[in-house]
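Let me begin by presenting the structure, written as C-alpha cells, before commenting on it.
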Amino acid sequence: MADKVLVNTEQLVSTAEAEELLHAGALFLDVRPSSSGHDPHAGRHHNHDHPPNPTGTIESSVIVDRRDLEELLQPASELSKLLAENPAREVVVYCNSPFGSDPVVGALVERGVRAKHIDGGFRAWVADGRPTVETAEAK
C-alpha cells in the first residue's frame, strides 16, 4: 500500500493559529465523514492501532461530508453560496487528520478560496485542549 502524502502542506496551520482564525471570523468546515466525530456512534473505531475518533466539533463549524465534495462545490450548493457571501473570508477545513482535509483544501484553493487546514486535524485540536462543542446528533 502506498504511503499517504500531503499535497497542500503550505496551507497547514497549527491548532493555535487555527484558533486565532476562528476568533477572527474564519469559516470552519468540519469535513469528517458522517461515520466520524459528529455521528451519534462516534468514538467507535475498527482500527485497534489508533485511539477512537474524538467527538464533538469546533464551535460554529459548518458540517459537510468530504465524500460529497464535487456536489458540495457546485455553484448552486449551500456551501458555494456561503463561500460567495464573503470571498475574502478565510476558510479552515478539518478532518480527524490532515489527510482527510487535504483534498478539500486543494479543491477550494483551485477555486480561489483562501483555505487552510489544521496540522494534525481535529485529533490535534482536542489533544491541545482547544474548545469543542457537542453536535446536535451527539446530544
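The values are calculated or read from the model by the stated rules, or taken from the named source; none is laboratory data. Note that the coordinates shown come from a computational prediction; the quantities given were computed from them, not determined experimentally. Cβ placement follows ideal geometry from the backbone for every residue including glycine, while neighbour counts extend to all protein chains displayed.
Determine, yes or no, whether residue 84 is among the aliphatic types (A, V, I, L, M), closer than 22 Å to residue 20 by Cα, at pLDDT 90 or above and surrounded by fewer than 14 Cβ atoms within 10 Å (Cβ to Cβ). For residue 84, the condition - among the aliphatic types (A, V, I, L, M), closer than 22 Å to residue 20 by Cα, at pLDDT 90 or above and surrounded by fewer than 14 Cβ atoms within 10 Å (Cβ to Cβ) - is not met. Here residue 133 meets each of (1) within 24 Å of residue 74 (Cα to Cα); (2) more than 10 Å from the chain's Cα centre (by Cα) with one exception, condition (1).
On the given criteria, is residue 54 in a loop (DSSP other than H, G, I, E, B), modelled with pLDDT under 90, under 15 Å from the mean Cα position of the chain (by Cα) and not β-branched (Val, Ile, Thr)? It is true that residue 54 is in a loop (DSSP other than H, G, I, E, B), modelled with pLDDT under 90, under 15 Å from the mean Cα position of the chain (by Cα) and not β-branched (Val, Ile, Thr).
Just one of the numbered conditions (1) more than 16 Å from residue 6 (Cβ to Cβ); (2) modelled with pLDDT of 90 or more; (3) among the small types (Gly, Ala, Ser); (4) within 12 Å of the chain's Cα centre (by Cα) is not true of residue 127: (4). Selection of the stretch 62-78 for residues being within 19 Å of residue 18 (Cβ to Cβ) and either outside any loop (DSSP other than H, G, I, E, B) or not hydrophobic (A, V, I, L, M, F, W, C) (or both) yields 62, 63, 66.
Conditions tested, residue by residue: (1) closer than 18 Å to residue 59 by Cα; (2) surrounded by 18 or more Cβ atoms within 10 Å (Cβ to Cβ).
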| site | (1), (2) |
| --- | --- |
| 98 | no, yes |
| 102 | no, yes |
| 105 | no, yes |
| 109 | no, no |
| 112 | no, no |
| 117 | yes, yes |
| 126 | yes, yes |
| 134 | yes, no |
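I need a count of the residues in the stretch 50-61 that are over 12 Å from residue 32 (Cβ atoms) and either touching an Asp or Glu at 6+ places or on another chain (Cβ under 9 Å) or not hydroxyl-bearing (Ser, Thr, Tyr) (or both). Write out each step before concluding.
Step one: filter the stretch 50-61 for residues over 12 Å from residue 32 (Cβ atoms), giving 50-52, 59-60.
If we keep only those that are either touching an Asp or Glu at 6+ places or on another chain (Cβ under 9 Å) or not hydroxyl-bearing (Ser, Thr, Tyr) (or both) too, we end up with 50-52, 59.
Within the stretch 50-61, residues that are over 12 Å from residue 32 (Cβ atoms) and either touching an Asp or Glu at 6+ places or on another chain (Cβ under 9 Å) or not hydroxyl-bearing (Ser, Thr, Tyr) (or both) number 4.
Within the option set 58, 63, 118, being under 16 Å from residue 7 (Cβ atoms) and among the hydrophobic types (A, V, I, L, M, F, W, C) holds for one residue only, 118. Within the stretch 98-110, residues that are over 15 Å from residue 70 (Cα atoms) and in contact (Cβ under 8 Å) with a residue 60 or more places away in the chain have Cβ atoms under 6 Å from residues that are among the small types (Gly, Ala, Ser) and crowded, with 23+ Cβ neighbours inside 10 Å in these pairs: 98/121, counting only partners at least 6 apart in sequence or on another chain.
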